[in-house]
Amino acid sequence: MRYDEIRDAIAGGTAAGTLPSWARRVLADAAAGRAAHPAVRHPLGFLCLPVERSGDLGVCLHIWTPEVRPMPSTTSPVHCHSWDLLSFVLYGTVRNVRMDVAPDDAATHRVFEVVSREGVDELQATPSRVRFAEGPSAAHRTGESYTLPAGVFHSTLIEGGEDAATVALGRRSPGGGDLSLGPLSAATHRVRRERGDPDDAGRAALRASRRIAAEFPALFPARAGNRPDDPPSSAEAYGRRRRSARR
């Protein structure tokens with residue numbers, strides 16, 4: 001499925017009947033090492049599986065999982081996007097907390113602009129010194145969707161455990177920037193995005209696929225000889241990939 005198809009499914013109320021199966025196919029490819037793009041450990045704490053990059057449009061699976069070690073962050077979780085976000089929750093509870101950010105003589109953070117090129121994030125320190133306070137928050141659960149406009153500062157929390165996954169659609173907004181709040185004392189610096197370890201990413205993909213099956217049992221009935229939560233053929237493919245790697 002492409003950006004437009006996923007967006008239309010969410011808008012038309014059919015996403016719960018189509019996106020879980022599509023996501024499990026994406027995860028099966030990731031577990032078997034067939035994904036077109038490698039999984040990336042994101043500084044905001046999730047594993048990103050890129051699916052589509054087309055001009056100003058992007059589609060990813062975001063997976064919060066204990067199977068993958070979080071990438072250290074040099075700034076805070078408070079950030080805003082240069083793109084409008086539309087997400088569908090495959091499982092878990094995702095809470096977005098909007099932040100009120102304003103210049104202040106008693107500033108606690110500096111604004112950094114994040115410029116990404118070829119797997120490297122350059123965090124450019126700006127002159128903007130700010131304070132922030134929590135604003136409205138909203139929790140989004142399995143089968144629900146949510147939006148976040150470009151330029152809205154927020155942080156994202158996973159409630160009730162370590163596991164959640166979303167289908168994330170991004171459409172770049174003209175004139176916006178990717179911003180993050182960091183320490184006042186920090187200078188401009190670069191951080192290389194790290195690819196997920198293939199074995200860890202494979203285990204994360206299998207775990208995510210099983211969670212999706214458990215959340216949408218009507219879509220994935222038990223088959224003879226299989227547990228109802230087994231992704232179709234992905235476990236076998238993952239095993240073949242591991243055996244091949246050991247040769």
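The values are calculated or read from the model by the stated rules, or taken from the named source; none is laboratory data. All values reported here derive from a predicted model rather than from experimental measurement. Quick reminder, even Gly has a Cβ in these numbers, built from the backbone with ideal geometry, and neighbours come from all protein chains shown.
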Can you find even one residue in region 138-152 that is touching a residue at least 40 places away in the same chain (Cβ under 8 Å), touching a Gly at 6+ places or on another chain (Cβ under 9 Å) and of a type in the set (F, W, Y)?
no
With criteria (1) under 18 Å from the mean Cα position of the chain (by Cα); (2) part of a strand (DSSP E or B), V68 comes up short on (2)
Checking V114, V51 in turn, the sole residue that is in contact (Cβ under 8 Å) with a residue 24 or more places away in the chain, in contact with a helix residue (DSSP H, G or I) (Cβ under 9 Å, 6 or more places away or on another chain) and closer than 30 Å to R7 by Cβ turns out to be V51
Within region 188-206, residues polar (S, T, N, Q) and modelled with pLDDT under 90 come out as none
Within region 162-210, restricting to residues that are closer than 24 Å to G55 by Cα and acidic (D, E), the one that is surrounded by the fewest Cβ atoms within 10 Å (Cβ to Cβ) is E194
Considering region 50-65, residues that are assigned to a strand (DSSP E or B) and either of a type in the set (K, R) or more than 14 Å from the chain's Cα centre (by Cα) (or both), and then whichever is modelled with the highest pLDDT, we arrive at L57
Criterion first (within 16 Å of M71 (Cα to Cα) and of a type in the set (K, R)) does R211 satisfy it?
no
Within region 1-28, restricting to residues that are charged (D, E, K, R) and without any contact (Cβ under 8 Å) to a residue 60 or more places away in the chain, the one that is farthest from H79 (Cα to Cα) is R25
Taking region 98-144 and keeping residues assigned to a strand (DSSP E or B) and under 18 Å from F46 (Cα atoms) leaves V114, S116, V120, D121, A139, H140
Quiz item: Any residue at all in region 226-239 that is at pLDDT below 90, more than 23 Å from the chain's Cα centre (by Cα) and under 24 Å from R41 (Cα atoms)?
Solution: yes
Within region 109-144, of all residues that are among the β-branched types (V, I, T) and over 25 Å from F88 (Cβ atoms), the one surrounded by the most Cβ atoms within 10 Å (Cβ to Cβ) is V111
For V68, the lone unmet condition from (1) touching a Lys or Arg at 6+ places or on another chain (Cβ under 8 Å); (2) of a type in the set (V, I, T); (3) at pLDDT 95 or above is (3)
Of the residues in region 145-158, those that are touching a helix residue (DSSP H, G or I) at 6+ places or on another chain (Cβ under 8 Å) and either loosely packed, with under 15 Cβ neighbours inside 10 Å or in a loop (DSSP other than H, G, I, E, B) (or both) number 0
Exactly one of D84, D121, D100 is modelled with pLDDT under 95 and farther than 21 Å from A204 by Cα, and that residue is D121
Can you say whether R95 is of a type in the set (K, R), at pLDDT below 95 and either part of a strand (DSSP E or B) or surrounded by fewer than 21 Cβ atoms within 10 Å (Cβ to Cβ) (or both), as far as the supplied structure shows?
no
Open item on the list: Among the residues of region 29-43, are any free of Cβ contacts under 8 Å to residues at least 24 places away in the same chain, farther than 16 Å from L148 by Cα, out of contact with any Gly (no Cβ under 9 Å at 6 or more places or on another chain) and of a type in the set (K, R)?
Closed with: no
